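Student: I'd like to ask you about the structure that follows.
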Amino acid sequence: MGKQSRRKGNAKKNLSSPRTTATAQPSKSSLVNRIRHGDLRVRHGALTAASATLFSPLSLSSRSPVNMEVIQAVSERVMDEDAPCALCALGCLGNYVLFQERHTHGNKVETLLTPILLTKMNKACDSIEATAKQMMQEQQTSNSENSSGNAQSLERLTLSIMEQWSVQSLCLHALCGIVEGTAANNESSSILFHQRDEFLMTVMRSFYLATEMITGLANIGIANCDSEMKRDIAMKEHQTNIISDVAVYAARTIHSSSDENPTFLASVMTSDGWKTIVSCISNATLPMLARLHCCGITMISRQVSKAKEVEQIVFEQSLPVLSQCIIYSNEVASELHKKIIETFQKMKEEKDDEKVEKDIIRKVDKRKESARLIARRQKQMKQQSKYSEQINDTDNTDKTQMIDDVKKKEVSQVEATDETKAEKEEHFDKALTEWKNTCLPLQLSIEIMTNAFALAQDEANAPIDDYDEMAWDSDQEDKLQNDIPGTLPAFNISKEDEVFFQQVVNLGTPDRALSLFGAIYTALVTSGKNSDNIHFEILNDLTDILSKSTICLGNMFSILQNFWKSSENDSCAIWNDLTQCLRASKDENMNKPIMFQLIAAALSVMVALLRSRPTLMKWVNEKDLEMLLSLVLTENPEVGKTDEEVAATVSDIQKDSITMLGILCSEPHPESVNERVCETFLTLLLRTHSITTNVMSEVLNVLMDMYSADEGDANNHEAVFRRNNVLSAFQKSVPILKRKVREEESKESISREEELVLKEIILNATRFVKYKKGH
C-alpha cells in the first residue's frame, strides 16, 4: 500500500475512514492499540504488518511468543465490517493455529475463537445466499431489458460472493487446525463438546453450499454458461479454486472431528448432512480430496455403528474410490518432477540476475548509461557467448546479420518489464501445484486405509492410575505388577470384518499398496544417489508417502494373514524383495537421511511380515542374519550435529533389527548364531550415552527371551549367557534405563502407554536378574 497524503481542507469531506463506536482500554502494546484503532487504514496496516512478521509461518514455527492480548485483539477484527481487515485477521489467526508449535494458550484460544469463527461462517453463508439471489435478479433484469447496463453491478456482486468464499476458506482452515491440534473429546473442548451441535451445523452448511456451487458450475462449464453471472463465477473459481478449498476443508474438518469421537460421529450420522456426505463420494465433479474425506467419514462410521446400510455404502462407494487412488505412476511423476526442476531453475536464475542488477546499480552512480541496461546486458553474456561461437564459423555477411540479431534481442529483453520474474514464479507455483494435486489424494487414501486396518485396543485396557513416584524397588513389585496392563487379547476378527477384509482384497487394494511401496522405494533409492537433482518438496512428499504406505502394509500383513499373501511361496517372494530393497539402500554414495528412511521403512514391513508369517523363519539365510546384525550397530548420529528426525530414524532401525533377531532366536538355533547375536547386543548396551530408551529396553527384552529357556530345552543357551557375562550387563544397564525413563518423563517426551511398557520391561529385567542370581 502506498502512503496516503492528507490535504488541507479535506477533514470534513473524508468519509473513507469510519471510526468504531466502541472504545477499548489503551494497552501497553502499541500493536494492540493499532489493531484496535478507530481508523480502518491504521487497523489494516497493523494487521498486514503482523501477518508478515509476528503471525508469519516462519516466525510462529520458530516459537516466537504471541500473547493472549494480541490474539484477543486480532480476533476482535474478524467481525470487522471492513472486509480486508477481517480477511487479514482471519489469516493471522489461521497461521497461529496451524503453525504455532507450542500451543501455550491452546484451550484458551479454542474457547475464544470457536464462537467467533462459527458466527463469521454463518454470516458468510447468509451473504453468499443473499448475493446469489440478488445476482439472479440482476441477470433476469438484464435479460429482459436486453441491455448490458447491469454488467458492472454483476461484476461487483461476483467479487462480493467470492470474497465471502474466501472468508469461509480462512475460517475452515482455522477450525480444522483447532480440531487437529488442541481440541479434545471431553468437557474442556468448546468445539467438540460445548458447541458441538452449532459447529456441526455450520460446517455442514458451508460444505453443502460449496458442493452445490461446484456441481452447478461443473454441469454448466465456462464455455457454455447460460448466463454472464455463472460464467464470471466459474472463471473466478477456475483461477482461485477457493470454493473447492471450502469443500475440501469442510469435509476434512468433519472427518478429523469424527476420529475417535463416537458421540460426534453419531450426530453426523443422524443429521441432514449425512446424505450430502454419502452423495459426494461418487460425485466426480467435486475435488478428489473432498470425496476422500467423505470416504473416511463412512469408513469410521462402519467401524463404530456396524450398520448394514453403512457397510453397503463402504463396499459399493468408499472402497472403490479409495482403491483407485492408491496408485503411483513413475512416468507421470518424472514428468511433473521435470517441470518443477525446470521452472525452479528459471526462477532461481531470475533471482540471481536480480541480485546482480542490484549490485551493478550501486556502481553506476557516475555513469550516464542505465544501470538496468548494464544489468540486463550482463544477464545475456552467456547467450552472447553462444552467438559468438556461431559467428566464428560463418562468413562476414552472416556475422553482421547475427550481431544485429543479438543486439535486437538484447534491446527487446531490456525493454521487457519485471513481469518476467512474476511469470517465472507463477510457472513454478503452477508446476508445484500439479505435483501436489497428484500426491495429496494418494497420501490421504493410503492414510484412510491404514486407519481402517489399525488394531483397536479392548476397552478393558483403560488407562490405569498413576504411579509417578514409584521407584520400582523390590518391596513395591506387587503394586507395580498390579498396575502393569496385561497382555493384549488376540485380535479376533468378527464376521463383519471378515467380509470387509475380503472385499478389500477382492478390490486389489493390498496389492496396490505393495506396488506403491515398491515404486516409491525405487524412486527414493534413485533420488538418494542424486539428491542434488531433486526438489525438496518432492523429496518430502515421497518420504511421507513411503512412511504412510509402510504403516499401511504392516497393518495389512498383520490382519490379512489368512486373506492375502498367505502361502509360503508368496511370503518368501515378498521377503526376498524386501531384503533386496535393504541391500540397494545400503549405499555409501547415498544421501544419509534418505538412506536411513529407506532402511527403516523396509525393516518395519519385514517385522510385520515375519511376525505374521512364522514359516518365513526357515528362509532367513546367513546373509540376512549378518545384515540384521550390522544394522543393530548402526551408528547413532551425535546429538547436536544432526536432525532429531534422523536420530529417531536410526533408533527405529536398531529397534526393528533387534526385534527381528529376537523373533528368529525364539526358534531353535545353533550356539554360534546365539553367540553372534549376544555379542552384538552387549556391544550396543555399552553405548550408554548414545543408545535411546526404546532401543535399550528392546535389547533387554530380547535378551530375557533368549536366556529364559529351561535346562534341557532345545533353545537353552546358558553357556553363552555365562561365557559373555550377560548378567553383569543387566546389572549395569537396568539402573541406566531407569534413569533414562525418568528423564523422558520429566521432559514429557513419552506417552503414558510408552511409559507403562518401559516400566514393565524394567520390572521384568529386575526379576530376571534376581532369578539368574539364584541359579
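Where a number appears in this text, it was derived from the coordinates with a stated rule and is not lab data. Given the structure is predicted, the values throughout are model-derived calculations rather than measurements. Note that each Cβ is placed from the backbone with ideal geometry, even for glycine, and that neighbours are counted across all protein chains shown.
Student: Say each of VAL499 and GLU671 gets a label point 7 Å from the Cα, pointing the same way as Cα to Cβ; how far apart are those two points in nm?
Tutor: Using points 7 Å along Cα→Cβ, the separation is 5.8 nm.
Student: Could I have the simple spin-label model distance between LYS306 and ALA284, label points 7 Å from Cα toward Cβ, reported in nm to one decimal?
Tutor: 3.7
Student: Right, next: How high is the FRET efficiency from GLU745 to HIS689, r the C-beta distance, R0 22 Å, rounded to 0.05?
Tutor: The computed FRET efficiency comes out at 0.70.
Student: Thinking of the stretch 621-772 as a set of Cα atoms, what percent of all their pairs are more than 28 Å apart?
Tutor: Distances greater than 28 Å cover 18 percent of the Cα pairs.
Student: Let me ask something else. Hand me the GluC sites (Glu not before Pro) from the stretch 508-595 located in a DSSP loop with no more than 12 other Cβ atoms within 10 Å, in residue order please.
Tutor: On the way: sites: GLU537, GLU568, GLU588; in loops: GLU588.
Those that pass, being in a loop and sparsely packed, are GLU588.
Student: Hey, another quick one. State the Cα centre-to-centre distance between the stretch 289-321 and the stretch 518-563 in whole Å.
Tutor: Comparing the Cα centres of the stretch 289-321 and the stretch 518-563, I get a distance of 26 Å.
Student: Consider just the alpha-carbon atoms of the stretch 255-358 and return their Rg together with their Dmax, both in angstrom.
Tutor: When restricted to the Cα atoms of the stretch 255-358, Rg and Dmax are 21.3, 69 Å.
Student: Still on this structure, I have one more. With each label point set 7 Å from Cα along the Cα-Cβ vector, what nm distance links ASN67 and ASP429?
Tutor: Result: 3.6 nm between the two label points.
Student: Taking R0 as 60 Å, what FRET efficiency do you get between LYS436 and SER728 from their Cβ-Cβ distance, rounded to the nearest 0.05?
Tutor: Here the calculated transfer efficiency is 0.60.
Student: For GLU260 and ILE341 in one chain, what is 0.36 nm times their gap in residues minus the Cα-Cα distance, to one decimal in nm?
Tutor: 25.1 nm
Student: On a full-extension model of 0.36 nm per residue, what is the gain between GLU180 and SER160, subtracting their alpha-carbon distance, rounded to one decimal in nm?
Tutor: That pair, GLU180 and SER160, stretches by 4.1 nm at full extension.
Student: Another question about this same structure. Rounded, prolate or oblate: which one fits the stretch 601-682, using the alpha carbon gyration tensor with axes a ≥ b ≥ c (rounded when a/c is under 1.5, else prolate when a/b beats b/c, else oblate)?
Tutor: In terms of gyration-tensor shape, oblate.
Student: Follow-up question, since we're still on this one. If you take the square roots of the eigenvalues of the alpha-carbon gyration tensor of the stretch 559-709 and sort them as a ≥ b ≥ c, do you get rounded (a/c under 1.5), prolate (a/b over b/c) or oblate?
Tutor: Cα axes put the stretch 559-709 in the oblate bin.
Student: A further question follows. Once each part is reduced to its C-alpha centroid, what is the distance from the stretch 156-174 to the stretch 617-631 in angstrom?
Tutor: Answer, in whole Å: 59.
Student: Want the number for GLU537 to ASN506: 0.36 nm per residue separation, take away the alpha-carbon distance, what's left?
Tutor: 7.7 nm is the gain from fully extending GLU537 to ASN506.
Student: Are there GluC sites (Glu not before Pro) in the stretch 204-302 that DSSP marks as loop and that have at most 16 other Cβ atoms within 10 Å, and which are they?
Tutor: Qualifying residues, ordered by number: GLU260.
Student: If R0 is 41 Å, what FRET efficiency do you get for THR522 and ALA52 from their C-beta distance, rounded to 0.05?
Tutor: 0.45
Student: Could you order peptides 85-93, 45-53 by the average number of other Cβ atoms within 10 Å of their residues, highest first?
Tutor: Most protected by this proxy first, the peptides run 85-93, 45-53.
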